[in-house]
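A short write-up of the structure that comes next.
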Amino acid sequence: IHFVSGKTPLIFDPMSVIAFGYASCTGLSILFAFSLRAAGIPARLAGTPAWSDNPEKGNHNWVEVWTPSDGDDDGSSLDCGGRWRFLEPSCGDFGDNADSIEKDPCKRWFCNKDRFDGKTRVYATRYDRTASDGTVYPLAWDENNADVPGSDRTDWYNEVCRSC
């Protein structure tokens, strides 16, 4: 399975990604999050609907994984003694470019002060609609869709990525 830009919403569900063998960051991230969840690892989709709040600059999706507290809580979440950390799907790359939970966020291509200029908004999906505060996960390809509950993660990503 490999990355091909511009395929959402045509190819973004896990079955289509497997059948076609490619997807954009959205399809790869959804497949990765679903695979982690199937293995019992809490994961969710995260992303920005528009870099610098400008749809012409594109959007991006990635995966957040819930990790138990390691005593080094960075304030990303105080729920249940753990935190959400992010991963970038690395299709077929097992070398130095492969992602891992331990990877420095500043070594990911999108985590930098140019992308997180104070205008970029970041959201993560929520699977529990009852705990939602009304925030929705914006779908870049369907701007009027308000069906996916979300969490606003903008402040956390701006704090982390603007320091890179």
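At-a-glance table
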{"item": "Filter pass, SER29 being in contact (Cβ under 8 Å) with a residue 60 or more places away in the chain and closer than 16 Å to PHE86 by Cβ", "result": "yes"}
{"item": "For THR26: the one exception among (1) within 13 Å of the chain's Cα centre (by Cα); (2) more than 22 Å from TYR127 (Cα to Cα)", "result": "(2)"}
{"item": "Within the stretch 62-109, tally of residues that are of a type outside the set (Asp, Glu), closer than 13 Å to TYR157 by Cβ and modelled with pLDDT of 90 or more", "result": "6"}
{"item": "Flag for ALA140 being in a loop (DSSP other than H, G, I, E, B) and surrounded by 17 or more Cβ atoms within 10 Å (Cβ to Cβ)", "result": "yes"}
{"item": "Any pair with Cβ under 6 angstrom, 6 or more apart, that starts in the stretch 1-24 at a residue that is closer than 15 Å to ALA140 by Cα and open to solvent by less than 90 Å² (accessible area, probe 1.4 Å) and ends at one that is of a type in the set (Ser, Thr, Tyr) and not in a loop (DSSP other than H, G, I, E, B)", "result": "THR8/THR26; PHE12/THR26"}
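The values are calculated or read from the model by the stated rules, or taken from the named source; none is laboratory data. A quick note: this is a predicted structure, and the numbers were derived from the prediction, not measured. With ideal geometry, Cβ positions are generated from the backbone for all residues, glycine too; neighbour counts draw on all protein chains shown. Ligands, DNA and RNA are excluded from the accessible area calculation, which covers all protein heavy atoms including side chains. Shrake-Rupley method; radii C 1.70, N 1.55, O 1.52, S 1.80 Å.
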